[in-house]
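Novice: Okay, here's the structure, questions in a sec.
Taken together, the values in this text are just the output of simple stated rules run on the coordinates, not laboratory data. Just so it is clear, the model here is predicted, and its values are computed rather than measured. Cβ sites come from the backbone with ideal geometry, for glycine too, and all protein chains shown count toward neighbours.
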Protein chains: 2
Amino acid sequence: MASRTIRTPGIKDVAALAGVSASTASKALNDTGQLREATRERVRRAAEQLGFTPDSRGRALASGRSFTVGLITTDSSGRFSIPIMLGAEDALSAGEMALVLCDTRDDPLREQHYLKSLVSRRVDGIIVTGRRTEAREPVDVPIPVVYAFSPSTDPDDTSVIVDDHGGAASTVRHLQSLGRERIAHVTGPESHLSAQIRAASTMGAARSGFVGQPLYGEWSERWGRHAVDVLLRAEPTVEAITCGSDQIARGVCDRLRELGRSVPDDIAVTGFDNWSVMALASRPPLTTVDMELEELGRRTANLLLDVIAGTPRRGQLVLPTRLITRESTLGT
Amino acid sequence: MASRTIRTPGIKDVAALAGVSASTASKALNDTGQLREATRERVRRAAEQLGFTPDSRGRALASGRSFTVGLITTDSSGRFSIPIMLGAEDALSAGEMALVLCDTRDDPLREQHYLKSLVSRRVDGIIVTGRRTEAREPVDVPIPVVYAFSPSTDPDDTSVIVDDHGGAASTVRHLQSLGRERIAHVTGPESHLSAQIRAASTMGAARSGFVGQPLYGEWSERWGRHAVDVLLRAEPTVEAITCGSDQIARGVCDRLRELGRSVPDDIAVTGFDNWSVMALASRPPLTTVDMELEELGRRTANLLLDVIAGTPRRGQLVLPTRLITRESTLGT
DNA sequence: GAAAATCCGGAACACGTTTTCCTGGACGAA
DNA sequence: TTCGTCCAGGAAAACGTGTTCCGGATTTTC
């Protein structure tokens, strides 16, 4: 029993080595209290020598905060949640906050479980994000919550969302500035709010230039290709096609090329998402709308930090999108 | 000063309501100690009535564990880290463990920072993952660590890696079973270990049937398209092309179709990764190798739990891949 | 030289839980 | 009745830190 298990040194060990009390050591390391500089330095050296790392569990207990926030996502496999997550993590880590990840896999039971776990961990706040732009039921926890991408149905909650409307309108204005008037729109399922909004905004911006009706389908290249056939049969004079996603736009480009129509000379095409693997691999590369999701994640995190700090900002914050112009409208 | 700020109820509140001491309440709720069933029930009811949620910070302090593990990833935007992360999170959450996410963005400084933070949080263990299959420097922390995807250079560390060799060989055997003998290989940069290994294994499995040399390039559709031109010029009699990634394979298929060559009737094609957005959108859909990364994440997490529990399993664990057969080799 | 102001550092407590040890009572056996 | 055994539950310590308060020492002031 001579040698006990080695322990990571605590503040008491540091204090002992420096010849002071634990409380003095705490003050020295946190630059608080009234201490002689010499003492401070002595403690610092002792801490360094022992490789002291403060135990944040103790700190959390003492401070009443955990310096942790939870991220609840209904689908982290999706390409929307990921950048949001990364942006949030980035902003939080700057504030010495850790992010614990909870993927509910769209299961309400799992969500309840995770919420309970986060409450139990006394996280300082929670970010809730989803895959759709439809508003979602607010979560019921005694902890600050901010919603990202999928807003809360309660308008008094804090939500950060994408400006689908502005994004769609920006593609139309861009095309109009290039002299394209007759504009069509191909997008995903009509049941998706984002598809509806983008379609409505596109029609609104194109005004009388809009040809036919929005073509609703699915978020796939296959649908994009098929939609071209449908569209050209009905509206052979179309000058530009705005698409609800880059996948659709890529399908549109592929089909147009197969039909011998030049993009953008004959018909200009725009996408939505700036999903690089689609937008850049498309032939030609796509002019598209970047939702700046990573920035959205950062903003969300900072908003959450504000709420935690006691200065909440209620309501929906709509973040602007950015138009990325490439060959599919500009040519080479 | 009559009413204090509302607090979330602690175990003492539960104990008071049930008319017992805090320690008794703890025993009742944890099914430990010697208590009358009636007392247990009384405490449970009190806890429920108050909506009591145990504070895991206190528990962590008392138990010496934090029930938290860290995940260090050098690139979480990449499509390899994500599934690993999700698999790990899945396996860990089953064990009531939380996962804190640390994206180093390939910056050694950030990595150091995160490691320090995780040590400070006294996480029970750390998972380190990367974007490449090359071995990486081990991290230096007094905490159990398991490496996923990118193994540690120290063979005594615990690492879980993908069977690149077996995956490549499985595509060749599949093609041979379909009667294809003359097999070529198009892959990414020769500087990438995974490209080298997949190429070597392909050649080894194809034996004398291998035509020419492996074509090294980049992980892009563009390179896949270009490689077809190079290959057909040099080896017009090739019967199958195995590719180092689905992106390359998709490019290969596209170019072959443009040249009027049928896939798979004239030339069969295989990919690698089973990246659905590539493999399924390709025309035709790709036979490819699924690295089962989510399973890899789960296995990694379970291995870490073993290490934490005190039964480490040292060395490299090579996880098998799964061949997914689709029209690019089978036809319709 | 004495009183007052200032500075430094330590003791004690708080945070919320678990765990170890202990006590008082009930009960059975001799 | 007395002793021993067993059981239910309480008191206290432990985990590691931050903070508040307080006393002693040193310096300043008259």
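Novice: Which of these, A:Leu296, A:Leu29, A:Leu280, has the largest mean-square fluctuation under a Gaussian network model of chain A (Cα springs below 10 Å)?
Specialist: Comparing A:Leu296, A:Leu29, A:Leu280 in the GNM, the peak value goes to A:Leu29.
Novice: Compare the Cα positions of B:Gln34, B:Ile183, B:Val160 along the charge dipole of the protein assembly as shown (+1 at Cβ of Lys, Arg; -1 at Cβ of Asp, Glu; about the Cα centre) and return the one farthest towards the positive end.
Specialist: B:Gln34
Novice: Mean Kyte-Doolittle hydropathy of -0.5 or higher plus an axial Cα length of 30 Å or more: which whole DSSP H helices in chain B meet both?
Specialist: none
Novice: To one decimal in nm, how far is B:Gly58 from the same spot in the other copies, if labels go 7 Å from Cα toward Cβ? Please give the shortest first.
Specialist: 1.9
Novice: Helix-only estimate, please: 222 nm mean residue ellipticity of chain B, summing -39500 (n - 2.57) across DSSP H runs of length 4 or more and dividing by its residues, to the nearest 500.
Specialist: Working: 13 runs with 146 residues, N = 332.
Dividing the helical sum by the residues of chain B leaves -13500 deg cm²/dmol.
Novice: Between their Cα atoms, which of A:Lys116/B:Lys12; B:Lys12/B:Lys116; A:Lys27/A:Lys116 are more than 26 Å away from each other?
Specialist: Values: A:Lys116/B:Lys12 20 Å; B:Lys12/B:Lys116 34 Å; A:Lys27/A:Lys116 35 Å.
With Cα atoms farther than 26 Å apart: B:Lys12/B:Lys116; A:Lys27/A:Lys116.
Novice: Could you put A:Trp223, B:Trp219 in order, starting from the residue whose Cβ has the fewest other Cβ atoms within 10 Å?
Specialist: Fewest-to-most Cβ neighbours within 10 Å comes out as B:Trp219, A:Trp223.
Novice: Further question on the same structure: Can you classify region A:1-114 as rounded, prolate or oblate using the Cα gyration tensor, where a ≥ b ≥ c are the square roots of its eigenvalues, rounded means a/c under 1.5, and otherwise it's prolate if a/b beats b/c and oblate if not?
Specialist: prolate
Novice: Based on the alpha-carbon gyration tensor of region A:37-174 and its eigenvalue square roots a ≥ b ≥ c, which shape applies: rounded if a/c is under 1.5, prolate if not and a/b is larger than b/c, or oblate?
Specialist: Prolate, since a/c reaches 1.5 and a/b exceeds b/c.
Novice: What residue among A:Thr311, A:Thr74, A:Thr187 has the largest mean-square fluctuation in a Gaussian network model of chain A, using Cα springs under 10 Å?
Specialist: Result: A:Thr311 has the largest fluctuation of those listed.
Novice: With the Cα gyration tensor of region A:63-115 giving a ≥ b ≥ c as the square roots of its eigenvalues, does the rule (a/c under 1.5 for rounded; else a/b larger than b/c for prolate; else oblate) give rounded, prolate or oblate?
Specialist: On the way: a/c = 4.77, a/b = 1.32, b/c = 3.62.
In terms of gyration-tensor shape, oblate.
Novice: In nm, what does the list of distances from B:Glu235 to its counterparts in the other copies look like, shortest first, when each label sits 7 Å along Cα to Cβ?
Specialist: B:Glu235 label point versus its equivalents elsewhere: 4.8 nm.
Novice: Something else: A:Ser177 to A:Ala22: extension gain in nm, 0.36 nm per residue of separation minus the Cα-Cα distance?
Specialist: Once the chain is fully extended between A:Ser177 and A:Ala22, it gains 48.8 nm.
Novice: What are the distances, in nm and sorted shortest first, from the label point of A:Asp156 to the label points of the same position in each other copy, with each label point placed 7 Å from Cα along the Cα-to-Cβ direction?
Specialist: 6.1
Novice: Give me D for the protein assembly as shown in µm² s⁻¹, whole number, from Stokes-Einstein with Rh from the Kirkwood sum over alpha-carbon pairs, 37 °C and 0.692 mPa s. Please list the in-between numbers first.
Specialist: On the way: Rh = 27.9 Å.
This corresponds to a translational diffusion coefficient of 118 µm²/s.
Novice: Taking the convex hull of the alpha carbon atoms in region B:208-301, what volume per residue do you get, in Å³?
Specialist: 111
Novice: With r defined as the distance between the Cβ atoms of B:Gln213 and B:Ser77 and R0 fixed at 30 Å, what FRET efficiency is calculated, to the nearest 0.05?
Specialist: Computed FRET efficiency for B:Gln213 and B:Ser77 comes out at 0.35.
Novice: Provide, in order from the shortest bin, the percent of all Cα-Cα pairs of region B:135-236 in each 5 Å bin, continuing until the bin that contains the maximum pair distance.
Specialist: 2, 12, 17, 18, 17, 11, 8, 7, 4, 2, 1, 0
Novice: A further question on this structure: For chain B, with a Gaussian network of springs between Cα atoms less than 10 Å apart, report the residue from B:Ala98, B:Ala195, B:Ala88 with the top mean-square fluctuation.
Specialist: Among B:Ala98, B:Ala195, B:Ala88, the largest GNM mean-square fluctuation belongs to B:Ala98.
Novice: Once R0 is set to 25 Å, what does the formula 1/(1 + (r/R0)^6) return for the Cβ-Cβ distance between B:Leu259 and A:Leu259, expressed as a FRET efficiency to the nearest 0.05?
Specialist: Approximately 0.85, to the nearest 0.05.
Novice: Also, I was wondering about something else. Dividing the Cα convex hull volume of chain A by residue count, how many Å³ per residue is that?
Specialist: 195
Novice: Applying 1/(1 + (r/R0)^6) with R0 = 41 Å to the Cβ-Cβ distance of A:Ala200 and B:Asp106, what FRET efficiency is obtained, to the nearest 0.05?
Specialist: That pair, A:Ala200 with B:Asp106, gives E of 0.50.
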